[in-house]
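Contents: one structure, followed by commentary.
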Amino acid sequence: MYNIYNPEAETMPLDKLRALQSERLIETVKRVYEKVPAYKKKFDEAGVKPEDIKSIDDLHKLPFTYKQDLRDNYPYGLFAVPMEDIVRIHASSGTTGKQTVVGYTRNDLKIWGEVMARTIGAGGVTKKDIGHISYGYGLFTGGLGGHIGSETIGCTTIPASTGNTARQVTILQDFKPTFILCTPSYALTIAEYMAEHGITKENLSLKYGFFGAEPWTRGMQQEIESRLGIECFDIYGLSEIIGPGVAYECQAHSGLHVNEDHFVLEIIDPNTGEVLPDGEKGEVVFTCITKEALPLIRYRTHDVGYKITEPCACGRTSVRIGKLLGRSDDMLIIRGVNVFPSQIEGVLVTLDEVAPHYQLIVDRIDNKDKLTVLVEMTEENFTDEVRKIEAMAAKIRKEIENVLGISVNVRLVAPKTITRFEGKAVRVIDNRKLHD
Ligand code: DLL
């Protein structure tokens, strides 16, 4: 049996879903045209009027929205309601430029609670469960997003937030939460702390984990499952659309279901802007059709994914996104070949010699790109014998080169020497960018 929080919405017949999307899109387009000057200008420049949008099939006629639009209208310029109706603000971390600010009305928060309840509910969580929320609380949407979903279901909710792993592990042991939300990299940090302190998965009551906010592979998923003794679910979202709760994995584990009655997915060719056929890899684009405060139209996420339209065993009718490969901004181009950090992670997690803690360093030496994979030896395989290290590194290098098709360097480092992260992990140090 597959757990479904809101069967009526999540298994809606497709014709009914498309009709609902059409009705909501038409209303949203009219509203943003009237209420948001920047959208009126954008639509006018593209020569589209709200009347041109007669159904969801007309979505492709609308212009895209970019992160730059949020920056140009910083902080509140794209809001479609007066400030007195905004009850919450969040913001993205802004590592690449000015942070982007997003707002929610009371009704937007209700929607967030609903889509996050579907997300957690899809793993099997019910109101009898106890949730440990270890995403950061604050301007980041992870903490309060997990929190609102857990409370909407009616679970006992522990707002642990990030940091102080010792305290987190004490709470996990003493308060007996049955599910946890954090970044996959932090789940590993918790598992590592437990191992170091002789605490086993049997000392905890965890059954499920909902991890996201950064790309992670199926191999990493299995690693966390076995170390924490839980079933892991991938959860996806971004602040500009609502935060976590845009798409979620069900117990069939075959892609992430999009909450399509609220967010419409398109996959486009990032160069031409054309919508791609189902199954083809491209840039993920979302349109919000129910949000009041910030209903973004055709928002370019820079995430790379593909659509899965075959029916899912769970009975949900919604379209799915295949596990996300990463952001196009994180994609490295090494001597002309596209490399996602997640491809390298996919290899490393299959190898017994190394722990899944890694970092990629890119340099340009004599006008040639050089990719170095820094990875930790496991405690069991740790050695300072040069010959042994070299043999191990050569083996790993071959495995990675087989997958990527380009030559790389592998540098094995001692256990626990690569930085641990409480939030999103930083996997790439691209020294080429320093000289741009
Ligand atoms: O990371 C929202 C979130 C919080 C999602 C908690 C899941 C769990 P932002 O900080 O705006 O919002 O970052 C959004 O993170 O465009 C993706 O590049 C990446 N991302 C989020 N979830 C996943 C995932 C939150 N499951 C950006 N897999 C997105 C891969 C993800 N990448």
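Among the residues of this structure, Thr100 counts as one that is in contact with an Asp or Glu (Cβ under 7 Å, 6 or more places away or on another chain) and either closer than 20 Å to Arg300 by Cα or crowded, with 17+ Cβ neighbours inside 10 Å (or both).
Within region 402-436, if we keep just the residues that are under 27 Å from the mean Cα position of the chain (by Cα), assigned to a helix (DSSP H, G or I) and not aliphatic (A, V, I, L, M), the residue that is modelled with the highest pLDDT turns out to be Asn431.
Contact map, region 231-244: residues that are of a type in the set (Val, Ile, Thr) paired with residues that are within 8 Å of the ligand (Cβ to nearest atom), Cβ distance under 6 Å, separation 6+ or inter-chain. Pairs shown: Ile235/Phe210; Ile235/Gly212; Ile235/Pro244.
Entry remark, region 55-80: residues being under 21 Å from Asn271 (Cα atoms), out of contact with any strand residue (DSSP E or B) (no Cβ under 7 Å at 6 or more places or on another chain) and not in a helix (DSSP H, G or I) number 2 in total. Among the residues here, Thr272 qualifies as over 22 Å from Glu8 (Cβ atoms), free of Cβ contacts under 8 Å to residues at least 60 places away in the same chain and among the hydroxyl-bearing types (Ser, Thr, Tyr).
Matching residues to (1) at pLDDT below 95; (2) away from the ligand (no atom under 16 Å from the Cβ); (3) under 20 Å from the mean Cα position of the chain (by Cα):
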position: Pro37; (1), (2), (3): no, yes, no
position: Lys49; (1), (2), (3): no, yes, no
position: Asp52; (1), (2), (3): no, yes, no
position: Asp57; (1), (2), (3): no, yes, no
position: Phe64; (1), (2), (3): no, no, no
position: Ile86; (1), (2), (3): no, yes, no
position: Gly103; (1), (2), (3): no, no, yes
position: Ala117; (1), (2), (3): no, no, yes
position: Gly131; (1), (2), (3): no, no, yes
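One residue stands out among those in region 197-243 that are over 14 Å from Leu181 (Cα atoms) and β-branched (Val, Ile, Thr): the one that is modelled with the lowest pLDDT, which is Thr217. Counting the residues of region 232-286 that are assigned to a loop (DSSP other than H, G, I, E, B), more than 12 Å from the ligand (Cβ to nearest atom) and acidic (Asp, Glu) gives 6. Consider region 210-224 and keep the residues that are part of a strand (DSSP E or B) and either hydrophobic (A, V, I, L, M, F, W, C) or more than 10 Å from the ligand (Cβ to nearest atom) (or both). The one that is surrounded by the fewest Cβ atoms within 10 Å (Cβ to Cβ) is Phe211. Considering Asp330, Asp303, the condition of being under 17 Å from the mean Cα position of the chain (by Cα) and in a strand (DSSP E or B) is satisfied by Asp303 alone. The set of residues in region 333-346 that are without any contact (Cβ under 8 Å) to a residue 60 or more places away in the chain and either crowded, with 20+ Cβ neighbours inside 10 Å or more than 23 Å from the chain's Cα centre (by Cα) (or both) contains only Gly336.
Can you find a residue in region 349-362 that is among the hydroxyl-bearing types (Ser, Thr, Tyr), within 16 Å of the ligand (Cβ to nearest atom) and within 24 Å of the chain's Cα centre (by Cα)? Looking through region 349-362, none of the residues is among the hydroxyl-bearing types (Ser, Thr, Tyr), within 16 Å of the ligand (Cβ to nearest atom) and within 24 Å of the chain's Cα centre (by Cα). Every residue in region 287-317 that is closer than 12 Å to Leu256 by Cβ and within 16 Å of the ligand (Cβ to nearest atom), please. Matches in region 287-317: Asp303, Gly305, Tyr306, Lys307, Ile308.
The values are calculated or read from the model by the stated rules, or taken from the named source; none is laboratory data. Computed from a prediction, not measured in an experiment: that's the story for all the values here. Please note: Cβ atoms are built from the backbone with ideal geometry, for glycine as well, and neighbour counts cover all protein chains shown.
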